[in-house]
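Take a look at the structure set out below.
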Amino acid sequence: MTDVASHTPSRPTGRRRRDAEFNVYFTLIFLTALPFVSVGWVRDVIRRRTLNLHGPLARAWCEADRITPLIFSA
């Protein structure tokens with residue numbers, strides 16, 4: 001019988017560790033995106049006549065989370 005406890009598989013490291021430089025870029029992009037997504041959110045609220053939408057903070061977070069890894073992928 002094989003003893004699995006002596007050789008445990010390591011956790012996959014699919015995501016890179018977010019270091020200080022990544023956090024600085026993320027914060028700058030988040031703060032830059034915030035006014036633009038706020039205007040878009042207000043426009044969507046007026047157009048759809050509902051508040052059942054992602055708010056401006058969630059939208060800015062998604063934009064920063066989408067753009068920042070693109071900078072570090074090169």
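The values are calculated or read from the model by the stated rules, or taken from the named source; none is laboratory data. What you are looking at is a predicted structure, and each value in this text was computed from that prediction instead of being measured. Please note: Cβ atoms are built from the backbone with ideal geometry, for glycine as well, and neighbour counts cover all protein chains shown.
Here is the figure for segment 6-25: residues that are modelled with pLDDT under 65 and of a type in the set (Gly, Ala, Ser) total 1.
Residue-by-condition table, conditions (1) assigned to a helix (DSSP H, G or I); (2) at pLDDT 90 or above; (3) touching a Pro at 6+ places or on another chain (Cβ under 7 Å); (4) among the hydrophobic types (A, V, I, L, M, F, W, C):
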residue: Thr27; (1), (2), (3), (4): yes, yes, no, no
residue: Ser38; (1), (2), (3), (4): yes, yes, yes, no
residue: Ala64; (1), (2), (3), (4): yes, yes, no, yes
residue: Ile71; (1), (2), (3), (4): yes, yes, no, yes
residue: Ala74; (1), (2), (3), (4): no, no, no, yes
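Pairing each residue of segment 41-70 that is over 15 Å from Phe30 (Cα atoms) and without any contact (Cβ under 8 Å) to a residue 60 or more places away in the chain with any residue that is part of a helix (DSSP H, G or I) and aromatic (Phe, Trp, Tyr), provided the two are 6+ apart or on different chains, yields C-beta distances under 8 Å for Leu53/Trp41; His54/Trp41.
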